[in-house]
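Have a look at the structure below before the remarks.
The values are calculated or read from the model by the stated rules, or taken from the named source; none is laboratory data. Because the structure is a prediction, the values reported are computed rather than measured. Neighbour counts are summed over all protein chains in view; Cβ atoms, including those assigned to glycine, are modelled from backbone coordinates with ideal geometry.
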Amino acid sequence: MYKNLYLPIEIKKRELLPKLFLGLKALKKGFNVVIGDKIAIAHAVKFFGPGIYFYKSMNFNDTDHIKRIKNKNNIYVVHDEESGATHASKNIFKQFLNIRSSNENVQLIDRFYTWGKFDHSQWIERYKKQKSKFILTGSPRIDLCNKKIYNKFLKTEINDTKKKFNKFILFISSGISSDKELINISKQDKFFFRYKDVKEKKDRKNQMQNLRMYFKSSVQMMQNLSKKFKDINFVVRPHPNENIKDWKKIFKKFKDNVFLDTSDSDITSMIIASECVIHNSSFAGIQSTLLKKPLIVYKPKKISIPKRSFPNKLGNIAKSENDIFILLNKILNSKKNVIKKNKIDLLKARIFVDKKYSASSKIINDLSKFKVNSKKTNLIKLQLYSKYLFLKKFLKNKTDYNSMNNTKTIYTRRSMRDKLGTGIKKKQMLKYLKDAKKNDSSLKNILLKEFGPNGFYIYKN
């Protein structure tokens, strides 16, 4: 019996490595794995036949997508990439559920894997009749914060990052990069958001305006920091939703000790290689805490980002640039970084962390219970089909792709491009697999085939 596991990637920097780790766990359980961007996986479902489709959300507007996948005899499972990790409170999480789910979608899916007790309790409270579908496992993204695991995958990447930037402070950006971008987001909201009432719509507008103000304040803060600390480098890591072109214009004003990181490296390796992390409302705050990295939360006065502010509870709060100067001096001159036990306890109450069993193992053990009759893959046909997909993409780029000019399409197209970066490259995939094989003899017979643009088939020889 063959089992295919489909792993679509939306944001490469966020999802690729955790999904690959999940895929390797699946391979050990007899699965074949197809990993790639959403377009590649859509083609894969047609070519490889029935399998288990592992998606990152079940938004209220995902209904047609779920039905299409289910109608092809696939099992549809979900692990929300943002659920339960960063939302500030139960009330805010309930607003999140209005956008991120619906009764119809919960009925359609086969399984939902939760982050921890916080989001698990909220999901089953909202969908009591379907509560058996919600399984508390934790997240593959958290798995990578385990030293034994990240040393298998990220050792080369961590060392390369240290060589590239030397001693550096990592700033995780999470704002809106221009007034033009603020307008674009407002336009696309009507396609992708569902508001419960006028107040919720107003809250969303205020949040976007605050994110724009925070971005401006952050740029000024980074300029002043680089002047104050001339003997250390600063690396800016833009949010996947931020426009890189805006950042490149801004960087013309920065000093020589400030660098813009537009690489495809996993954020985990950047955190490990750094001396300290500065952020506001970023998931990186959670990762930094688990990795025992000094953490500063930049919260300028009169600028509020309340929706996803849980990670802010884990770091040292800086309400002004002077606060950051004081904290950085203390961190850089200290030989030890001690993460307070109450911060770890706070985090573990929110997110499930198990030192003995990875979240990925728990997910794959559950997926193994599903009966899926996937067909055996003909590798010759796969190669021919791959060439066809590369040719199709080339021709599409030359014709209709450039002619799509409505607001929704423009935003989605740019968003997809920014989220994927340079794309999912074979060279990078082979590098990750090489590092994994060095440390795990059970993976020696694992092979990888490129499946069209940004798509890969991984299987046992």
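Some values worked out for this structure:
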| item | result |
| --- | --- |
| Residue match in the stretch 125-137 (condition: within 30 Å of M270 (Cβ to Cβ), surrounded by 15 or more Cβ atoms within 10 Å (Cβ to Cβ) and modelled with pLDDT of 95 or more) | yes |
| Some residue of the stretch 277-284 being within 24 Å of L347 (Cα to Cα) and part of a helix (DSSP H, G or I) | yes |
| Matching residues, the stretch 296-332, being of a type in the set (D, E, K, R) and more than 26 Å from the chain's Cα centre (by Cα) | K301, K302, K319, E321, D323, K330 |
| Conditions (1) more than 30 Å from K438 (Cβ to Cβ); (2) more than 22 Å from the chain's Cα centre (by Cα); number of the one not met by F165 | (1) |
| Any chance K164 is part of a helix (DSSP H, G or I) and loosely packed, with under 14 Cβ neighbours inside 10 Å | no |
| Residue tally, condition assigned to a helix (DSSP H, G or I) and buried (at least 17 other Cβ atoms within 10 Å of the Cβ), over the stretch 332-369 | 9 |
| Test for K46: is it within 17 Å of F451 (Cβ to Cβ), part of a helix (DSSP H, G or I) and either among the polar types (S, T, N, Q) or not assigned by TED's automatic domain parsing to the domain that holds S269 (or both) | yes |
| Cβ-Cβ under 8 Å pairs, at least 6 apart or on other chains, the stretch 432-445 side farther than 15 Å from K25 by Cβ, far side assigned to a helix (DSSP H, G or I) | D435/K152; D435/F153; D435/K155; D435/T156; K438/K152; K444/K437 |
| Qualifying residue in the stretch 77-89 (condition: part of a helix (DSSP H, G or I) and crowded, with 17+ Cβ neighbours inside 10 Å) | no |
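Per-residue answers, yes or no, for (1) of a type in the set (D, E); (2) in contact with a Cys (Cβ under 6 Å, 6 or more places away or on another chain); (3) closer than 25 Å to G421 by Cβ:
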{"position": "E242", "(1), (2), (3)": "yes, no, yes"}
{"position": "L260", "(1), (2), (3)": "no, no, yes"}
{"position": "S309", "(1), (2), (3)": "no, no, no"}
{"position": "D345", "(1), (2), (3)": "yes, no, no"}
{"position": "V353", "(1), (2), (3)": "no, no, no"}
